[in-house]
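Since the structure comes first, as structure tokens, the remarks are kept for the end.
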Amino acid sequence: MESSNEANPADTAARVREVITAAGVSQREFARRIVMDPSKLSRSLSGTRRFTVAELARIADEARVDPGWLLGARPLEAEIEAPAPVAGGRPLQIVQETVRLVAEHGFHAVRVSDIARACATSTAAIHYHFPGRADLLEAAVRWCMDEDTARRATHLAEADDAAAELRQLIELQTPRTEQQRRQWKVWLDLWAEAARSTTVGRLHTEYYRQWRETVADVLRRGVDQGVFRSSVEPSAAAFALTALIDGLATQVLSVSRESFGSAADAMHAALVSYVDCTIAAP
């Protein structure tokens, strides 16, 4: 059961709305910043769900306000006193370090004490923002997915047609950079979690469904634009292409660090060849 604050939830929700308005961002963007499920934020603001103490701590950290004010316990001050501020806020630092450690050591090898050491803080400070290890791992996975979705949206917006969009998606999924390889290592662990039907595994399954739909939408547009073959069935082609991407990326990650570059090039060339032979219009 989620722990919750004892203040009037309607008053707390109103104060959180003030914070979001002052931030000048959408509700979804604010949820991303505080590493919270957008649907949970929406339900909490509408009064059908209470904010947890940890969620309010992250909101206060992002907004630079006293958590007591969100609960109605104290009047609003101009800003809280926060020595040695962390770029992006302490919750974001915690989440990013968690992602790095999961990529390096594996999902089940990472302990809260490891994350605290990486953030140069205490385990109590970690639990202040994320009460349990499961909460922290779920937040880290959600942040990874949000970052990936935002990066894809930016690159797709720069493409001239569906063929260019598909080339952008292939480039983004080719693990050339350290960040891309780190993210792929996290995905590999998450597939195992999905097979076990854990909470983060189910989150990954839903995200993966959205990823395949993104590819299918690009293929559908390409058929309409005439840049892809009229015989292409978007859903089936997306299933095959994403499976090929997964298999090739797994092989790239299994080679030595010195061979990463050539292996990634080979993966990219194989994907482009596959698209040219089976999807692109002659």
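Just so it is clear, none of the values below were taken in a lab; they were calculated from the coordinates. Computed from a predicted model, the values in this text were never measured in an experiment. Note that we place each Cβ from the backbone using ideal geometry, even for glycine, and neighbour counts take in every protein chain shown.
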>> Ignoring everything except DSSP H segments at least 4 long, calculate the 222 nm mean residue ellipticity for the chain; use -39,500 (n - 2.57) per segment, divide by total residues, nearest 500.
In response: -22500 deg cm²/dmol
> Points 7 angstrom from Cα along the Cβ direction at Glu147 and Ser273: gap in nanometres?
Replying inline: 3.2
> What list of ³J(HN,Hα) couplings, whole Hz, do you get for segment 35-52 from phi and the Karplus terms 6.51, -1.76, 1.60, once you set θ to phi - 60° and write x for glycine and proline?
Replying inline: 6, 10, 4, x, 5, 5, 4, 4, 5, 5, 5, 7, x, 8, 8, 8, 5, 7
>> With only alpha-carbon pairs counted, each pair once and no self-pairs, how large is the Kirkwood hydrodynamic radius of the chain in angstroms?
In response: 20.8
> Between Thr250 and Ala118, what is the FRET efficiency for a Förster distance of 41 Å, r being their Cβ-Cβ separation, to the nearest 0.05?
Replying inline: 0.95
>> Could you tell me how far the Cα centroid of segment 251-282 sits from the Cα centroid of segment 117-168, in Å?
In response: 25
>> Going 7 Å from the Cα of Glu213 along its beta-carbon direction, which residues of segment 12-40 have the amide nitrogen within less than 16 Å of the resulting point?
In response: 38-39
> Over segment 98-199, with a single point scatterer placed on each C-alpha, what log10 of the ratio I(q)/I(0) does the Debye formula yield at q = 0.19, 0.21 1/Å?
Replying inline: -0.97, -1.09
> Along the three principal axes, how long is segment 142-209 when you take its alpha carbons, biggest first, rounded to the nearest angstrom?
Replying inline: 40, 23, 18
> How far is it, in nm, from the label point at Thr48 to the one at His108 when both lie 7 Å from their Cα along the line to the Cβ?
Replying inline: 3.6
> How many nm is it between the label spots at Ala23 and Ala281, if each spot is 7 Å from the Cα in line with the beta carbon?
Replying inline: 4.4
> In whole Hz, what ³J(HN,Hα) sequence does segment 230-236 give by Karplus (6.51, -1.76, 1.60; θ = phi - 60°), x for Gly and Pro?
Replying inline: 5, 7, 5, 9, x, 5, 5
>> If I take every Cα pair under 8 Å that is 6 or more residues apart in the chain, average their sequence separation and divide by the length, what percent do I get for the relative contact order?
In response: 14
